[in-house]
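The values are calculated or read from the model by the stated rules, or taken from the named source; none is laboratory data. For clarity, every value in this text was computed on a predicted model and none was experimentally measured. Note: ideal-geometry Cβ built from the backbone for every residue, glycine included; neighbour counts use all protein chains shown.
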Amino acid sequence: LAQSSPLILELRGGGSLPVAAFGAPQGRPNTTLGAAESLALRFELSGGEPWAVVLGFSQERARCEGRGCGREERWISTAWAIGARWLAPPARARPWLSAALVIPSVEWELDDARRRSDTALGLEVGAGLRIALGERWSTGPAVRYARHDAEFRRDGRWPVRWIALEWAVAVGF
């Protein structure tokens with residue numbers, strides 16, 4: 001089954017919300033970051049259930065909202081992840097939990113200027129449900145919480161926090 005193959009490729013898409021201080025950037029009155037598009041790609045490598053090593057990529061894209069925002073201001077958080085995933089015992093619908101270290105980079109686009117943060121380490125945790133569609137395919141909802149800091153040379157450190165709600169499609173090999 002796709003839910004328990006030794007190699008699984010998973011694609012997720014959905015939306016995310018910046019939370020905590022990242023939703024209202026420091027020193028920026030009348031601004032907040034709005035809902036963002038979310039995309040994630042994961043490879044899961046398992047030598048036996050219930051555990052698997054997860055390698056992945058994710059990206060969130062948010063627009064600045066409010067009177068204090070620039071004309072075309074947006075934030076793009078891109079992260080590479082390595083971690084572990086636990087999958088519940090075999091059933092048609094199987095809950096899972098994951099945790100990963102992330103190496104993120106944040107781009108801040110303000111009108112015609114672009115600033116990129118230094119890379120840092122962060123943490124991502126997630127949960128979801130894998131629903132079998134057949135022998136090799138599965139689908140289901142997923143939620144992720146990501147936490148890291150973005151250090152901009154001219155603008156200081158900004159705490160970055162996301163909650164992403166996504167739908168996943170996975171294929172097992």
Wholly inside segment 10-118, strands (runs of 3 or more DSSP E) that include 1 or more residues that are buried (at least 21 other Cβ atoms within 10 Å of the Cβ) and either modelled with pLDDT of 95 or more or among the hydroxyl-bearing types (Ser, Thr, Tyr) (or both) are 32-48, 51-65, 74-87, 93-110
Being more than 18 Å from ILE76 (Cβ to Cβ) and in contact with a Gly (Cβ under 7 Å, 6 or more places away or on another chain) narrows GLY172, GLY140, GLY134 down to just GLY140
Filtering segment 119-137 down to residues that are more than 17 Å from ARG92 (Cα to Cα), β-branched (Val, Ile, Thr) and assigned to a strand (DSSP E or B) yields VAL125
